[in-house]
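Heads up, the thing below is written out as structure tokens.
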Amino acid sequence: MRPGGPHVRPPGTFGDGRAIMTDIRVWDPLVRVFHWSLVAGFAANALFNDPEGKTHEVIGLAILGLVALRVLWGFVGPRHARFSDFPPSVSASLGQIGEMATGRKHVHRGHSPLGALMIYNLLIVMLVIGVTGYMMTTLAFFGVGWVEDVHEAAVLWAEISVLAHVAAVFLESRRLGINLPKSMVTGYKRIPADRKN
Ligand code: HEM
Ligand code: HEM
């Protein structure tokens, strides 16, 4: 028998070490619809950019609208959608890297610090792509070399970022034992019951 008898167990666990988990609602419908529409739109535009057709421009402008809506939601939306819930923080990100290195697990209810940095990066790069794309369709900037160069370079950066984002989502899901992609579908995240924040 373990010292302290069979009825004493560490708080937040079943006694055999397994954490008691609970489902909490983290991503509201707007965040989820935004996310998967952005994924579909970005993939479509990265793959198809026929100079003759209008589809690329329409999808691109829709993405620009989605990102604008998400930025607004970052100020007025529910708790975990707000930018104030995931401020960009280098020190917190270094802390998260430290946790990865030492095997300490800290499950975040909303976005993790490294996740937050990636999200700001993705939102900004989408805006740059959208604005330069729109500029190419205006008389003032049509055929201007640097605008096209920035559009293309930003697309490449976004593609690299997306690869890193998806890899990080899967690695963090495995490390923490939480299905993060599923939570972006259902809106619920399964976290240890004794975690309050
Ligand atoms: C996330 C959104 C977008 C992505 C991923 C994207 C991606 C691309 C890519 C890969 C190219 C081809 C570059 C090349 O190799 O020549 C391109 C070209 C172009 N894009 Fe976008 N784009 C986006 C948004 C937009 C928007 C919002 C507009 C305009 C409203 C736009 C207008 C254009 C134009 C006019 C071209 C040049 C087409 C040509 O004449 O070859 N794009 N874009
Ligand atoms: C074009 C590809 C993608 C882009 C541009 C993108 C962009 C984003 C953005 C902007 C957010 C922040 C959501 C918000 O708070 O509004 C986010 C979060 C997230 N994305 Fe993506 N994403 C992409 C692909 C994917 C894929 C393929 C998956 C799943 C396999 C995924 C899983 C997630 C998850 C799980 C989160 C929440 C992370 C957390 O728990 O903090 N993303 N993504």
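Bear in mind that the values in this text are calculations on the coordinates, not laboratory data. Here the structure is a predicted model, which means the values were calculated and not measured. Because the Cβ atoms are built from the backbone with ideal geometry, glycine has one as well, and the counts that use them run over all protein chains shown.
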- prompt: Which residues' amide hydrogens lie under 5 Å from the amide hydrogen of residue 21, considering only partners 5 or more residues apart or on another chain, with H built in the peptide plane?
  reply: 193
- prompt: What full-extension length gain, to one decimal in nm, is calculated for residue 149 and residue 61 as 0.36 nm per residue of separation minus the Cα-Cα distance?
  reply: 29.8 nm
- line: So, relative contact order of the chain in percent, Cα under 8 Å, 6 or more apart, is 31
task: For a footprinting-style exposure proxy, rank 183, 89, 84 by other Cβ within 10 Å, fewest first.
output: 84, 89, 183
message: Could you compute Rg(Cα) / (2.2 N^0.38 Å) for the chain, with N its residue count?
response: 1.27
query: Magnitude of the Cβ-charge dipole of region 104-197, K/R +1 and D/E -1, about the Cα centre, nearest 20 debye?
result: 1060
query: Sequence-distant or interchain residues sharing an amide H contact under 5 Å with residue 26, placed H: which?
result: 188, 189
- request: On a C-alpha basis, how far is the centre of region 163-197 from the centre of region 55-88 in Å? Whole number, if you could?
  value: 21
Label point at residue 25 placed 7 Å out along Cα→Cβ; residues across region 98-112 whose backbone nitrogen lies under 19 Å: 109-111
Electrostatic dipole magnitude of the chain [Cβ: Lys, Arg +1; Asp, Glu -1; Cα centre; debye, to 20]: 1480
- line: With R₀ set to 41 angstrom, the calculated FRET efficiency between the beta-carbons of residue 106 and residue 135, to the nearest 0.05, is 0.45
- request: May I ask you to sort 185, 67 by Cβ crowding, counting other Cβ atoms within 10 Å and putting the fewest first?
  value: 185, 67
- prompt: Which of 125, 114, 100 sits closest to the plus end of the dipole of region 31-192, meaning its Cα is farthest towards the positive end, when Lys and Arg get +1 and Asp and Glu get -1 on the C-beta?
  reply: 100
